[in-house]
Amino acid sequence: LQKLAVSAEISGSLAQTTVRMVLFNPNARVLEGTLQFPLQDGQQVNAFALDIDGAMRPAVPVDKARGREVFEAIARTNVDPGLLEVTQGNNFKLRIFPIPAHGTRTVEIGYAQPLNRRGRQWRYALPLDYGKVEQFDLSLTLNDKGAVPTVTGALGELVFAYSDGAWRAR
């Protein structure tokens, strides 16, 4: 995982999170990339896109058996398939082929989630256990005129600024 960019927009009790990952192949041969990741309870994938010919192309949902069949058929022709499938519970498996020798592929996954309350405040949890990442970017937008948001956990201190009706941090 060469680059990871996470952006989240929070409005009231709902959050939309987009995770863009750039996968790098350091080898001298073409590889297939596989990434497994869990989502938290209540999080639902609602977008998936893969870079094809320099542009992000959105995916279309199909049932699991059909998705695997199409992925395998396309992969044999060295075209650019990506497959995102639910494994068990709220766990996902992402397969991308090809990742060119000494090259990169970009994938974007979006998910929505309802927020939980902690006292009188909404609580947004962002899992960040992606392992070693060379470049990380985070962008948070809270569409609320209320008090300055607070951050706890691994991010440490994150400074929010208010502009155009929203609190923003990067």
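The values are calculated or read from the model by the stated rules, or taken from the named source; none is laboratory data. Treat the numbers as computed from the prediction; the structure is a model and nothing was measured. We place every Cβ from the backbone using ideal geometry, glycine too, and count neighbours over all the protein chains shown.
Numbers below:
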item	result
Qualifying residue in the range 106-119 (condition: of a type outside the set (Gly, Ala, Ser), modelled with pLDDT of 85 or more, under 23 Å from Ala15 (Cβ atoms) and part of a loop (DSSP other than H, G, I, E, B))	yes
Residue match in the range 17-33 (condition: assigned to a strand (DSSP E or B) and modelled with pLDDT under 90)	yes
Count of residues meeting criterion [in a strand (DSSP E or B) and either of a type outside the set (A, V, I, L, M, F, W, C) or without any contact (Cβ under 8 Å) to a residue 40 or more places away in the chain (or both)] in the range 132-154	4
Number of positions in the range 88-105 that are assigned to a strand (DSSP E or B) and either touching a helix residue (DSSP H, G or I) at 6+ places or on another chain (Cβ under 9 Å) or more than 20 Å from Leu39 (Cα to Cα) (or both)	6
